[in-house]
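Report on one structure; see the data block that follows.
The values are calculated or read from the model by the stated rules, or taken from the named source; none is laboratory data. Model, not experiment: these values are computed from the prediction. Ideal geometry is used to build each Cβ from the backbone, glycine not excepted, and the neighbour counts take in all protein chains shown. Just so you know, the surface numbers come from the protein's heavy atoms only, side chains and all, with ligands and any DNA or RNA stripped out. Shrake-Rupley method; radii C 1.70, N 1.55, O 1.52, S 1.80 Å.
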Amino acid sequence: MKKHTAVSVAALAAISSGMVLAPVAFAGDTSKDGSLNATLSPIPTSKVTGSGTAMVHLKGNQATVTIKTRGLLANAPHAQHFHIGAKGQCPPASAATKHSGQLSLNTTDGLPFYGKIGASLTTTGDTGASHSALAVDRFPMGASYTYHRTITVDDETASSLRNENAVVVVHGIDFNGNGKYDNVLGPSDLDPKLPSEATNPALCGPLKMAPAGAVSGGMGGTQAGETTALAAAGGLLVAAAGAVYLRRRTDRQS
Ligand SMILES: [Cu+2]
């Protein structure tokens, strides 16, 4: 009886230390999976009233990305990127400056908060930060869309994701509400051949590591039951067991 108790305590201690160590392992070890979530909210001063979600499952340098949006300008392309290397935040209204006399937030105004482009979340082809940043013919179209793609990100972007410093930014606004991108805010700060409305940030959300019980939230339907079970049972031990389960899953996949 006494021995049994001792074993149980040892098991508890092992699980507890696992709980503490797991996040540290994620941050430093790029071979480990990580799942991140973001809630996409309108950029202040953009006149955007839409919303969205982003989920990223990271394995090494492979990022499986799911983005859902609604309430954007219809029949228009929406450039979207991982932004990295700054504060990992979305810009506040105070970051807006005047463009063609209108207080608004263009992409450059937000750089001190969300940082430079780390990857272009295109629908096909290249996903690089430079060549595909404004590949308007390879970005999702429309007011509401679901984007799903597995892309390879560079080392800097992968570690930015792991360090919770990456931000999803969806671009393209209709500041004057006339149903199209026009020059009401002047030319784009990124490409003067495009209207600023076409490239201004619309939705933004910092990507944060999902808690253990919700790690599979961004994955396919087959895991929904497991996620629900973990969440419903709750508690420290169940969360720890979930973390162990997920790490074993990771090992099996790699
Ligand atoms: Cu961007």
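Overall, the accessible surface of segment 34-209 at a probe of 1.4 angstrom is composed of carbon and sulfur to the extent of 53 percent. The mean sequence separation of alpha-carbon pairs under 8 Å and at least six residues apart, normalised by the residue count of segment 34-209, gives a relative contact order of 32 percent.
Can you work out the base-10 log of I(q)/I(0) for segment 28-128 at q = 0.15, 0.17, 0.23 1/Å, using the Debye formula on its C-alpha atoms alone? With no solvent term, the Cα-only Debye profile gives -0.73, -0.92, -1.48.
Per residue, the solvent-accessible area of segment 34-209 (1.4 Å probe, heavy atoms of protein chains only, all protein chains present) comes to 39 Å². For Ser144 and Asn61, the FRET efficiency from 1/(1 + (r/R0)^6), where r spans their Cβ atoms and R0 equals 41 Å, is about 0.85. For segment 34-209, the equivalent ellipsoid derived from the alpha-carbon gyration tensor has semi-axes of 24, 16, 14 Å in decreasing order. Residues within the reach of a label modelled at Gln89 (point 7 angstrom out along Cα to beta-carbon, backbone nitrogen below 15 Å), restricted to segment 153-174, are 165-167. Shown for segment 91-193 is the translational diffusion coefficient from the Stokes-Einstein equation, using the Kirkwood radius over Cα pairs, a temperature of 10 °C and a viscosity of 1.306 mPa s: 103 µm²/s. Each of the peptides 82-88, 133-139 was scored by the mean count of other Cβ atoms within 10 Å over its residues; in descending order, highest first, they stand as 82-88, 133-139. These residues, Asp126, Asp191, go from largest to smallest accessible area, 1.4 Å probe, as Asp126, Asp191.
The count of lysine pairs in segment 34-209 whose Cα atoms are under 15 Å apart, excluding pairs fewer than 8 places apart on the same chain, comes to 4.
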